[in-house]
Amino acid sequence: MKFSEINLDIVSQYLQFPINKENLLEVMEFEIYIDAAKNYIIEYTGLSIEELDQIPFIVPPTLLLISDMVENKTMDGSRYINGTFKALINIKKKVNL
């Protein structure tokens, strides 16, 4: 499997979660996670999609990132700062506070 082939069907199988394609909000939520994870990998590595497609071991971390987003999508009522949130938000940060 290639990085560019990660899609809604692959994620649904990986998560063992049947995504209801009739539910537009559910589809949109998972598509956002997929896009965010892929863009994070692209930004973090500095590689193009074509270059990432040549690296077979990049698929598992991408799927793990998507899984983490799905499983940890809230920070309400907690002092815990989600590591995935922190990594995604910091990738383009210009100033350290």
Of the candidates L8, L52, L64, the one satisfying the condition of being under 16 Å from the mean Cα position of the chain (by Cα) and buried (at least 16 other Cβ atoms within 10 Å of the Cβ) is L52
Considering only helices (runs of 4 or more DSSP H) wholly within region 5-57, the ones with at least 1 residues that are of a type in the set (S, T, Y), out of contact with any Gly (no Cβ under 8 Å at 6 or more places or on another chain) and over 20 Å from N72 (Cβ atoms) are 24-45
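Here is a yes/no grid of residues against (1) of a type in the set (A, V, I, L, M, F, W, C); (2) at pLDDT 95 or above:
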position	(1), (2)
M28	yes, yes
A36	yes, no
G46	no, no
F57	yes, no
P60	no, no
Residue hits (region 11-32; touching a residue at least 24 places away in the same chain (Cβ under 8 Å) and open to solvent by less than 30 Å² (accessible area, probe 1.4 Å)) are V11, F30
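The values are calculated or read from the model by the stated rules, or taken from the named source; none is laboratory data. What you are looking at is a predicted structure, and each value in this text was computed from that prediction instead of being measured. Neighbour counts run over all protein chains shown; Cβ positions are idealised from the backbone, glycine included. Ligands, DNA and RNA are excluded from the accessible area calculation, which covers all protein heavy atoms including side chains. Shrake-Rupley method; radii C 1.70, N 1.55, O 1.52, S 1.80 Å.
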